[in-house]
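Taking it in order: structure first as structure tokens, then the write-up.
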Amino acid sequence: MAGQHTYIPLQLAEVEVCSTGLELGQDVDALPPDDSDDDLIMEGIVLPANPVLEINDIQSNKAGRPKKRKRGKQFELGNDVRHMSMSARHTVEGNNREEETDVGDHISTKYKRVDSDTCSLARRPSLDDTPGGLRPRQRPPTVLESLASAPSDESGTADVTEDRIFHVPLLMKLINEFYSSHSMLSSRCTPKVTMPTERERKCGFGCWEALRCEKCGFTTPSRRLYEEAERVPGHKRGPKPGKKNVQLAIGLTKVPVGSTAVQSLLTSVELSSPTKSSVHNLATGMAGPLVSVAQQALADNRRRLRTVMELRGEQVEDGEAVAVAAAADGCYNNPCYKGFHQKSTQVAFPVREQETDANMLIGFAFANKFGKDGEESTFPKSEPIGNAEEWLAGKVTQQMYQCNESPLLLKSLVADGSGQIYRGAQSATQNLQPDFKIEQQDCHVHASRRQRASVFRANLSSQLLTGRADFTGKVTKEARKAFCTVLSRAVASRCSGELRGARGRYLTDDSKFLGAVSDAKHNILDCFSGNHTKCFSVSFVCPCLPAGSDHKPSYLPRKRYLLLTVEDRVELGEVLDYKLSEEKAMKQRYLRSTNSVEAFHRCMHKSLPKSLTFKTLAEMRAYSAVHSAAVGGMGESLARLGQHFGVAPRSGGEAAQKLLQLDKQAAADKHRQQSDGYRRSRKKASAKTVSKRVEKLMSETSQSVHLPHEHPYLRSEDVLPTESISD
């Protein structure tokens with residue numbers, strides 16, 4: 001029976017066939033519902049039971065034809081066939097849909113449209129080119145884009161509503177012209193003054209404006225409301241530049257910013273500013289005259305120095321060069337040595353005289369690898385920038401000698417120890433005067449720095465480094481570095497003090513000066529080890545008496561005397577020779593340094609900052625810094641340059657008073673920093689200031705111990721017992 005078809009009599013309209021053996025009169029609605037998928041609803045003839053096919057079950061292959069469907073399940077006796085009401089059918093379908101939805105929440109992916117910026121960040125090339133599965137929507141505008149695209153005036157009128165810079169006398173003249181003309185043409189109209197934008201014409205900071213009556217429409221011609229400056233060389237056509245535009249170009253050479261930073265600053269306060277190209281073109285035309293003005297200021301300083309030398313009794317003749325002492329050093333816009341950084345491309349070379357306390361700037365030269373071919377400051381790009389100092393030294397020496405108004409010749413040159421500067425100056429001097437030779441002198445500040453570095457290279461014993469007698473073990477690098485840091489500072493300070501004391505006692509006798517320096521040098525190691533026998537007679541620094549001294553060496557490591565071996569005395573003796581040998585002391589006998597030149601480097605870095613590289617305007621900015629140092633201040637330089645270009649600050653104006661106040665404040669700070677009290681406080685603070693790392697390592701190291709037989713002059717209470725030595 002399972003393989004045969006089942007037929008239902010035609011006389012019965014509706015028959016339900018089941019396998020439960022129910023009779024025909026039994027109530028069908030009382031049966032429990034069947035949840036099987038084989039339920040069929042039949043009317044009339046009952047056909048073989050086949051599965052109901054839904055549209056979603058029909059799938060197509062790639063060619064578009066429907067795929068082969070599986071064979072349907074045949075109708076068998078026992079399958080429930082009953083009527084289902086539409087409400088019940090909808091209820092079952094709803095339950096099935098809810099079950100599918102619950103499952104789909106964990107499986108299906110919900111798509112959401114994002115903006116284009118987020119979509120571009122989420123995109124992974126060759127992996128996921130369309131993240132999210134939907135086309136991204138347009139990015140919403142930023143706050144700045146919304147402000148820029150909005151209409152300038154909400155009321156709809158075309159009037160100037162922003163801030164403008166006007167010259168007040170010219171603005172008053174325009175207002176008077178409007179009222180006088182309006183009263184004549186429209187006498188019955190009460191004017192309501194506006195400033196139409198269609199009549200406005202901008203020119204950098206300044207602009208041309210017109211006035212209009214909103215009631216009757218009367219409008220004046222456009223008038224210039226800014227002051228004009230003289231024409232810049234090379235700019236013959238077009239209108240004359242505005243006074244504030246020229247003042248801006250001059251002021252930019254004194255500060256470490258460019259035209260881009262100025263635009264950012266002015267737009268932050270809602271002021272219109274000149275374009276970057278207009279400021280650059282204006283500064284390019286002013287570069288040549290500004291360099292000439294700075295060179296004239298250097299010539300004035302040389303003339304003033306010749307007058308001083310003549311008052312001192314030197315023979316000064318017109319047209320003849322006067323021999324003077326000077327200091328020179330190069331200033332690079334970036335490091336010129338090897339390393340992972342941008343190499344230097346520009347070098348400034350200032351020369352300051354060493355005859356007076358003012359240390360006036362008397363010479364300057366500039367090298368620029370970005371210069372155009374044929375320019376005086378252009379340095380060959382194929383040459384290392386480190387060789388520029390020799391070239392610039394010879395160039396400055398020749399310029400100072402060939403100056404017709406105030407020629408000078410270098411008799412001694414103070415440098416930082418580099419031989420390039422001396423070779424360049426000596427080579428140029430030999431070409432000018434073959435029999436003249438420049439004396440090479442060392443900067444005593446750089447000599448102290450080299451001496452401190454030599455302490456770290458010295459091969460010191462473990463006994464000295466640890467302060468333990470007869471200790472031969474290893475010492476860590478940190479402990480060695482901490483010890484050398486404190487010791488190098490003490491050695492350099494002591495040698496500088498001895499050199500100054502000997503020069504102060506013997507001002508003119510060089511032979512006695514060298515003898516005093518030699519005696520003081522041979523006593524330093526004994527003093528550092530606790531032997532003050534000769535300090536009172538030969539030292540210019542240590543005030544200790546031969547015996548019974550309670551002096552505590554707070555400047556030495558661990559604030560204890562050094563426990564020196566014979567090898568340590570030899571090594572430290574070579575360290576002392578870096579500054580106090582006869583040859584070194586002779587080169588430092590005048591106690592001259594390059595501090596004044598390096599102080600000018602800070603002024604140079606304000607005009608030529610390391611963060612910006614100026615190619616065309618680099619020489620102009622460098623000579624602007626030279627002019628500030630040559631005339632005595634930034635405010636005086638701005639006043640003189642403004643007077644030369646016809647844009648000087650107004651007499652009695654607030655700008656002139658403010659510039660004078662800035663120069664006075666800078667002069668007062670310089671005088672305070674050069675005072676003896678300020679220098680003593682700095683030296684005292686630097687001597688006492690030790691890094692936390694050094695202080696920690698020194699505290700962890702055991703204190704120094706002296707053997708009783710090494711220094712018999714020490715008091716008995718200062719000598720520790722023998723048991724502590726063995727420990």
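The values are calculated or read from the model by the stated rules, or taken from the named source; none is laboratory data. What you see is a predicted model; the values in this text were computed from it and never measured. Here the Cβ is made from the backbone with ideal geometry for all residues, glycine too, and neighbour counts use every protein chain on show.
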(request) Name the single residue, out of those in the stretch 424-462 being closer than 28 Å to Ala492 by Cα and among the basic types (Lys, Arg), that is surrounded by the most Cβ atoms within 10 Å (Cβ to Cβ). (result) Arg452
(message) Which condition from (1) under 22 Å from Glu162 (Cα atoms); (2) of a type outside the set (S, T, N, Q); (3) loosely packed, with under 13 Cβ neighbours inside 10 Å is the one that Lys236 breaks?
(response) (1)
(message) Looking at the stretch 520-559 only, could you name the residues that are among the hydroxyl-bearing types (Ser, Thr, Tyr), assigned to a loop (DSSP other than H, G, I, E, B) and touching an Asp or Glu at 6+ places or on another chain (Cβ under 9 Å)?
(response) Ser529, Thr533, Ser539
(request) Scan Arg621, Arg650, Arg640 and give me the residue that is assigned to a loop (DSSP other than H, G, I, E, B) and either touching a residue at least 12 places away in the same chain (Cβ under 8 Å) or not aliphatic (A, V, I, L, M) (or both). (result) Arg650
(message) Suppose we keep only residues that are closer than 16 Å to Asp663 by Cβ and over 26 Å from the mean Cα position of the chain (by Cα) within the stretch 592-637. Which one would you say is surrounded by the fewest Cβ atoms within 10 Å (Cβ to Cβ)?
(response) Gly632
(request) Return yes when Gly132 is of a type outside the set (A, V, I, L, M, F, W, C), at pLDDT below 75 and exposed (fewer than 11 other Cβ atoms within 10 Å of the Cβ) and no when it is not. (result) no
(message) Looking at the stretch 156-174, can you tell me whether even one residue there is in contact (Cβ under 8 Å) with a residue 60 or more places away in the chain and in contact with a strand residue (DSSP E or B) (Cβ under 7 Å, 6 or more places away or on another chain)?
(response) yes
(request) Scan Ser427, Ser496, Ser462, Ser488 and give me the residue that is within 33 Å of the chain's Cα centre (by Cα) and not hydrophobic (A, V, I, L, M, F, W, C). (result) Ser488
(message) Against the conditions (1) hydrophobic (A, V, I, L, M, F, W, C); (2) at pLDDT 90 or above; (3) out of contact with any Asp or Glu (no Cβ under 6 Å at 6 or more places or on another chain), where does Leu612 fall short? Just the number, please.
(response) (2)
(message) I need every pair where a residue in the stretch 582-608 that is at positive phi has its Cβ under 7 Å from the Cβ of a residue that is surrounded by fewer than 19 Cβ atoms within 10 Å (Cβ to Cβ) and not small (Gly, Ala, Ser), sequence separation at least 6 or different chains.
(response) Leu591/Arg500
(request) Name the one entry in Lys215, Lys254, Lys276 that is touching a Cys at 6+ places or on another chain (Cβ under 7 Å) and not assigned by TED's automatic domain parsing to the domain that holds Cys603. (result) Lys215
